[in-house]
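One structure is given below, encoded as C-alpha coordinates.
The values are calculated or read from the model by the stated rules, or taken from the named source; none is laboratory data. Everything numeric in this text was worked out from a predicted model, so none of it was measured. So basically every Cβ, Gly included, is an ideal-geometry build from the backbone, and we count neighbours across all protein chains shown. For the accessible areas, the whole protein counts, side chains as well, though only heavy atoms, and no ligand, DNA or RNA atoms are used. Shrake-Rupley method; radii C 1.70, N 1.55, O 1.52, S 1.80 Å.
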Amino acid sequence: MSTTTVDPPRAAKSSYRLSSAGVLRSEWVKLRSVRSSGLAVLGAALMMLVTGLVFASTVGSDSDGANGVTDPTGITLSGVMFAQLVIGVLGVLVVSGEYSTGMIRSTLTGVPSRLPVLAGKVAVVVGTVFPAMLASAFAVFLSGQPIMGGAGLPTARLGDPGVLAALVGSAVTMTGVTVIGVALGTIVRNTAGAISTLVVLVFLAPGLGGLLLPSSWRDYALKYLPSKAAEAFTGVVPAPGLLTATAGAAVFAVWVVVPLILAAVLLRRRDA
(Lines give C-alpha, C1' and ligand atoms only; values in the text may rest on other atoms or scores of the structure.)
Protein backbone atom coordinates (compact mmCIF):
# COMPACT_ATOMS: atom_id res chain seq x y z
CA MET A 1 0.00 0.00 0.00
CA SER A 2 1.39 3.32 -0.92
CA THR A 3 0.61 6.74 0.38
CA THR A 4 0.67 10.00 -1.45
CA THR A 5 2.45 12.87 0.18
CA VAL A 6 0.95 16.22 -0.51
CA ASP A 7 3.28 19.19 -0.22
CA PRO A 8 1.95 21.90 2.06
CA PRO A 9 0.82 24.93 0.16
CA ARG A 10 3.47 27.60 -0.08
CA ALA A 11 2.77 30.81 1.62
CA ALA A 12 1.23 33.12 -0.87
CA LYS A 13 3.73 35.67 -1.95
CA SER A 14 2.52 39.15 -1.48
CA SER A 15 2.03 40.49 -4.96
CA TYR A 16 0.01 43.56 -4.10
CA ARG A 17 2.79 45.50 -2.41
CA LEU A 18 3.97 48.34 -4.56
CA SER A 19 7.56 48.75 -5.64
CA SER A 20 9.28 52.10 -5.26
CA ALA A 21 8.52 52.89 -8.89
CA GLY A 22 4.93 51.86 -8.32
CA VAL A 23 4.64 54.11 -5.28
CA LEU A 24 6.08 57.02 -7.22
CA ARG A 25 3.71 56.38 -10.10
CA SER A 26 0.70 56.15 -7.81
CA GLU A 27 1.62 59.41 -6.05
CA TRP A 28 1.97 61.12 -9.41
CA VAL A 29 -1.42 59.84 -10.52
CA LYS A 30 -2.99 61.09 -7.28
CA LEU A 31 -1.36 64.50 -7.62
CA ARG A 32 -2.40 65.14 -11.21
CA SER A 33 -5.88 63.69 -10.79
CA VAL A 34 -6.83 66.26 -8.14
CA ARG A 35 -7.90 69.49 -9.80
CA SER A 36 -6.73 71.65 -6.91
CA SER A 37 -3.13 70.53 -7.48
CA GLY A 38 -2.95 72.05 -10.93
CA LEU A 39 -4.83 75.13 -9.78
CA ALA A 40 -2.37 75.65 -6.92
CA VAL A 41 0.64 75.48 -9.25
CA LEU A 42 -1.08 77.77 -11.76
CA GLY A 43 -2.14 80.16 -9.00
CA ALA A 44 1.38 80.39 -7.60
CA ALA A 45 2.82 81.03 -11.06
CA LEU A 46 0.24 83.74 -11.78
CA MET A 47 0.76 85.29 -8.36
CA MET A 48 4.46 85.50 -9.03
CA LEU A 49 4.03 86.92 -12.53
CA VAL A 50 1.32 89.46 -11.77
CA THR A 51 2.89 90.73 -8.56
CA GLY A 52 6.32 91.04 -10.16
CA LEU A 53 4.98 92.94 -13.15
CA VAL A 54 2.91 95.25 -10.93
CA PHE A 55 5.96 96.07 -8.85
CA ALA A 56 8.06 96.59 -11.98
CA SER A 57 5.40 98.92 -13.41
CA THR A 58 4.83 101.00 -10.29
CA VAL A 59 8.25 101.30 -8.73
CA GLY A 60 9.42 104.86 -9.16
CA SER A 61 5.90 106.26 -9.21
CA ASP A 62 5.84 107.08 -5.50
CA SER A 63 6.66 110.43 -4.02
CA ASP A 64 10.31 109.66 -3.31
CA GLY A 65 11.07 109.14 -6.99
CA ALA A 66 12.49 105.66 -6.37
CA ASN A 67 15.58 106.44 -8.35
CA GLY A 68 17.45 104.60 -5.64
CA VAL A 69 16.51 101.19 -7.05
CA THR A 70 19.43 98.98 -6.09
CA ASP A 71 18.08 95.50 -6.85
CA PRO A 72 16.07 95.36 -10.11
CA THR A 73 16.02 91.55 -9.90
CA GLY A 74 14.49 91.63 -6.43
CA ILE A 75 11.73 93.96 -7.63
CA THR A 76 10.61 91.56 -10.37
CA LEU A 77 10.78 88.67 -7.89
CA SER A 78 8.58 90.46 -5.32
CA GLY A 79 5.83 87.92 -5.89
CA VAL A 80 7.86 85.06 -4.44
CA MET A 81 6.71 85.84 -0.91
CA PHE A 82 3.03 85.67 -1.89
CA ALA A 83 3.43 82.68 -4.20
CA GLN A 84 4.94 80.71 -1.33
CA LEU A 85 1.62 80.81 0.48
CA VAL A 86 -0.23 79.26 -2.46
CA ILE A 87 2.33 76.61 -3.29
CA GLY A 88 2.88 75.73 0.39
CA VAL A 89 -0.80 74.93 0.70
CA LEU A 90 -0.37 72.43 -2.12
CA GLY A 91 2.21 70.58 -0.04
CA VAL A 92 -0.18 70.38 2.89
CA LEU A 93 -3.08 69.16 0.77
CA VAL A 94 -1.02 66.38 -0.82
CA VAL A 95 -1.04 64.65 2.58
CA SER A 96 -3.92 66.07 4.59
CA GLY A 97 -6.34 65.47 1.72
CA GLU A 98 -5.74 61.73 2.06
CA TYR A 99 -6.30 61.83 5.81
CA SER A 100 -9.54 63.77 5.40
CA THR A 101 -10.97 61.24 2.92
CA GLY A 102 -9.57 58.14 4.63
CA MET A 103 -7.60 57.18 1.52
CA ILE A 104 -4.43 57.15 3.58
CA ARG A 105 -5.48 53.78 5.07
CA SER A 106 -5.56 52.18 1.63
CA THR A 107 -2.26 53.82 0.72
CA LEU A 108 -0.49 52.56 3.84
CA THR A 109 -2.02 49.11 3.46
CA GLY A 110 -0.45 48.85 0.02
CA VAL A 111 2.88 50.15 1.34
CA PRO A 112 3.26 48.81 4.91
CA SER A 113 6.77 50.22 5.32
CA ARG A 114 5.17 53.68 4.91
CA LEU A 115 8.32 55.71 4.31
CA PRO A 116 8.23 55.14 0.51
CA VAL A 117 4.85 56.88 0.56
CA LEU A 118 6.31 60.01 2.13
CA ALA A 119 9.33 59.84 -0.19
CA GLY A 120 7.04 59.46 -3.20
CA LYS A 121 4.95 62.47 -2.21
CA VAL A 122 8.06 64.60 -1.74
CA ALA A 123 9.49 63.44 -5.08
CA VAL A 124 6.38 64.26 -7.13
CA VAL A 125 5.95 67.61 -5.40
CA VAL A 126 9.57 68.60 -6.02
CA GLY A 127 9.42 67.33 -9.62
CA THR A 128 6.29 69.37 -10.26
CA VAL A 129 6.88 72.58 -8.33
CA PHE A 130 10.54 73.28 -9.06
CA PRO A 131 10.32 73.38 -12.89
CA ALA A 132 7.09 75.40 -12.78
CA MET A 133 8.45 77.96 -10.33
CA LEU A 134 11.79 78.20 -12.13
CA ALA A 135 10.00 78.90 -15.41
CA SER A 136 7.86 81.51 -13.64
CA ALA A 137 10.92 83.20 -12.14
CA PHE A 138 12.58 83.47 -15.56
CA ALA A 139 9.34 84.67 -17.16
CA VAL A 140 8.71 87.47 -14.67
CA PHE A 141 12.36 88.54 -14.74
CA LEU A 142 12.53 88.67 -18.54
CA SER A 143 9.16 90.47 -18.71
CA GLY A 144 9.75 92.91 -15.89
CA GLN A 145 13.19 94.21 -16.76
CA PRO A 146 12.10 95.85 -20.06
CA ILE A 147 9.26 97.55 -18.20
CA MET A 148 11.68 99.04 -15.69
CA GLY A 149 14.09 99.96 -18.48
CA GLY A 150 11.32 101.79 -20.31
CA ALA A 151 10.72 103.87 -17.19
CA GLY A 152 14.35 104.88 -17.03
CA LEU A 153 15.10 102.73 -13.99
CA PRO A 154 18.13 100.47 -13.52
CA THR A 155 17.77 96.97 -14.96
CA ALA A 156 19.58 93.66 -14.68
CA ARG A 157 20.56 90.97 -17.15
CA LEU A 158 20.80 87.23 -16.74
CA GLY A 159 24.57 87.37 -16.97
CA ASP A 160 24.95 89.91 -14.18
CA PRO A 161 26.52 88.62 -10.96
CA GLY A 162 24.01 86.96 -8.65
CA VAL A 163 21.01 87.17 -11.00
CA LEU A 164 20.94 83.52 -12.06
CA ALA A 165 21.47 82.41 -8.45
CA ALA A 166 18.56 84.62 -7.36
CA LEU A 167 16.22 83.09 -9.96
CA VAL A 168 17.19 79.51 -9.13
CA GLY A 169 17.16 80.31 -5.41
CA SER A 170 13.60 81.65 -5.66
CA ALA A 171 12.44 78.38 -7.25
CA VAL A 172 14.34 76.42 -4.59
CA THR A 173 12.69 78.47 -1.84
CA MET A 174 9.17 77.85 -3.10
CA THR A 175 9.91 74.15 -3.59
CA GLY A 176 11.30 73.97 -0.06
CA VAL A 177 8.21 75.64 1.39
CA THR A 178 6.08 73.07 -0.44
CA VAL A 179 8.11 70.24 1.12
CA ILE A 180 7.64 71.88 4.54
CA GLY A 181 3.92 71.80 3.76
CA VAL A 182 4.13 68.06 3.04
CA ALA A 183 5.90 67.53 6.35
CA LEU A 184 3.37 69.61 8.31
CA GLY A 185 0.48 67.82 6.63
CA THR A 186 1.97 64.51 7.77
CA ILE A 187 2.67 65.73 11.31
CA VAL A 188 -0.61 67.55 11.96
CA ARG A 189 -2.85 65.37 9.72
CA ASN A 190 -5.37 68.19 9.56
CA THR A 191 -5.63 70.69 6.70
CA ALA A 192 -6.58 73.77 8.71
CA GLY A 193 -4.04 73.10 11.44
CA ALA A 194 -1.19 72.40 9.02
CA ILE A 195 -1.90 75.45 6.86
CA SER A 196 -2.13 77.67 9.96
CA THR A 197 1.21 76.35 11.20
CA LEU A 198 2.78 76.95 7.78
CA VAL A 199 1.48 80.52 7.61
CA VAL A 200 2.75 81.33 11.08
CA LEU A 201 6.15 79.73 10.49
CA VAL A 202 6.88 81.17 7.06
CA PHE A 203 4.94 84.43 6.94
CA LEU A 204 3.98 85.73 10.38
CA ALA A 205 6.96 84.71 12.50
CA PRO A 206 9.26 87.55 11.30
CA GLY A 207 6.64 90.19 12.09
CA LEU A 208 5.66 88.65 15.41
CA GLY A 209 9.30 88.27 16.38
CA GLY A 210 9.94 91.91 15.58
CA LEU A 211 7.08 92.93 17.86
CA LEU A 212 7.55 90.51 20.74
CA LEU A 213 11.26 89.80 21.04
CA PRO A 214 13.56 92.10 23.02
CA SER A 215 15.69 94.25 20.78
CA SER A 216 18.83 92.47 22.02
CA TRP A 217 17.49 89.14 20.64
CA ARG A 218 15.68 90.43 17.58
CA ASP A 219 18.57 91.00 15.20
CA TYR A 220 20.21 87.73 16.14
CA ALA A 221 17.18 85.42 16.13
CA LEU A 222 15.07 86.63 13.22
CA LYS A 223 17.69 85.97 10.55
CA TYR A 224 17.43 82.25 11.32
CA LEU A 225 13.73 82.07 10.44
CA PRO A 226 13.02 80.29 7.12
CA SER A 227 11.88 83.37 5.22
CA LYS A 228 14.86 85.44 6.36
CA ALA A 229 17.28 82.60 5.64
CA ALA A 230 15.83 82.34 2.13
CA GLU A 231 16.29 86.08 1.56
CA ALA A 232 20.00 85.60 2.15
CA PHE A 233 20.46 83.46 -0.96
CA THR A 234 17.72 84.84 -3.21
CA GLY A 235 18.69 88.50 -3.20
CA VAL A 236 21.26 90.00 -5.56
CA VAL A 237 21.67 92.79 -3.01
CA PRO A 238 20.74 91.18 0.35
CA ALA A 239 19.39 93.42 3.07
CA PRO A 240 21.75 94.26 5.92
CA GLY A 241 21.74 91.95 8.93
CA LEU A 242 21.02 88.74 6.98
CA LEU A 243 23.16 85.61 6.95
CA THR A 244 25.62 85.01 4.14
CA ALA A 245 24.22 83.22 1.09
CA THR A 246 25.85 79.92 2.05
CA ALA A 247 24.74 80.13 5.68
CA GLY A 248 21.23 81.15 4.62
CA ALA A 249 20.97 78.15 2.28
CA ALA A 250 22.16 75.82 5.05
CA VAL A 251 19.68 77.21 7.60
CA PHE A 252 16.82 77.00 5.11
CA ALA A 253 17.76 73.38 4.36
CA VAL A 254 17.55 72.61 8.08
CA TRP A 255 14.04 74.10 8.17
CA VAL A 256 13.06 71.72 5.34
CA VAL A 257 14.83 68.56 6.51
CA VAL A 258 14.02 68.59 10.25
CA PRO A 259 10.19 68.68 9.84
CA LEU A 260 10.53 66.02 7.16
CA ILE A 261 12.45 63.71 9.52
CA LEU A 262 9.87 64.29 12.26
CA ALA A 263 7.10 63.53 9.76
CA ALA A 264 8.83 60.27 8.77
CA VAL A 265 9.17 59.18 12.40
CA LEU A 266 5.53 59.95 13.21
CA LEU A 267 4.29 58.30 10.01
CA ARG A 268 6.06 55.09 11.06
CA ARG A 269 4.86 55.12 14.67
CA ARG A 270 1.27 56.32 14.52
CA ASP A 271 -1.82 54.50 13.38
CA ALA A 272 -3.27 55.50 10.04
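Assigning unit charges at the beta carbon (Lys, Arg +1; Asp, Glu -1) and nothing else, what dipole magnitude in debye, to the nearest 20, does the chain show about its Cα centre? Before the final figure, lay out each step's value.
Values: 18 positive and 10 negative charges, 267 e Å.
That gives a dipole near 1280 debye.
Hydropathy at least -0.5 by Kyte-Doolittle, axial extent at least 30 angstrom from the Cα trace: which helices of the chain, defined as entire DSSP H runs, fit?
35-58, 80-101, 115-150, 163-188, 245-269
With every protein chain kept in place and ligands, DNA and RNA left out, what is the accessible area per residue of the range 184-272? Probe 1.4 Å, answer in Å².
Numbers: 4870 Å² over 89 residues.
Roughly 55 Å² per residue, with all protein chains present.
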> Counting only the heavy atoms of the protein chains, how much of Leu267 is accessible to a 1.4 Å probe, in Å² to the nearest 10?
Replying inline: 10
> When only DSSP loop residues count, what trypsin sites (Lys or Arg not before Pro) in the range 211-272 have their Cβ near at most 11 other Cβ atoms within 10 Å?
Replying inline: Arg270
> Rg and Dmax of the range 55-208, Cα atoms, in Å?
Replying inline: 19.2, 62
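Given that compact globular proteins tend to follow 2.2 N^0.38 Å, what is the ratio of the alpha-carbon Rg of the range 113-188 to that value?
Numbers: Rg = 16.8 Å, N = 76, 2.2 N^0.38 = 11.4 Å.
In units of the globular-protein estimate, the range 113-188 measures up at 1.47.
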>> Computing the accessible area with a 1.4 Å probe over protein heavy atoms, can you report the carbon and sulfur percentage for the chain?
In response: 66
> Viscosity 0.692 mPa s, temperature 37 °C: Stokes-Einstein D of the chain from its Kirkwood Cα radius, in µm² per second?
Replying inline: 160
> What whole number of Å gives the distance from the Cα centroid of the range 190-236 to the Cα centroid of the range 134-179?
Replying inline: 23
> Per residue, what volume in Å³ does the convex hull of the Cα atoms of the range 210-253 enclose?
Replying inline: 66
> Roughly speaking, what % of Cα-Cα pairs in the range 82-142 are separated by over 16 Å, rounded to a whole number?
Replying inline: 55
> How fast does the range 128-253 diffuse by Stokes-Einstein, in µm²/s, taking the Kirkwood radius from C-alpha pairs at 37 °C and 0.692 mPa s?
Replying inline: 203
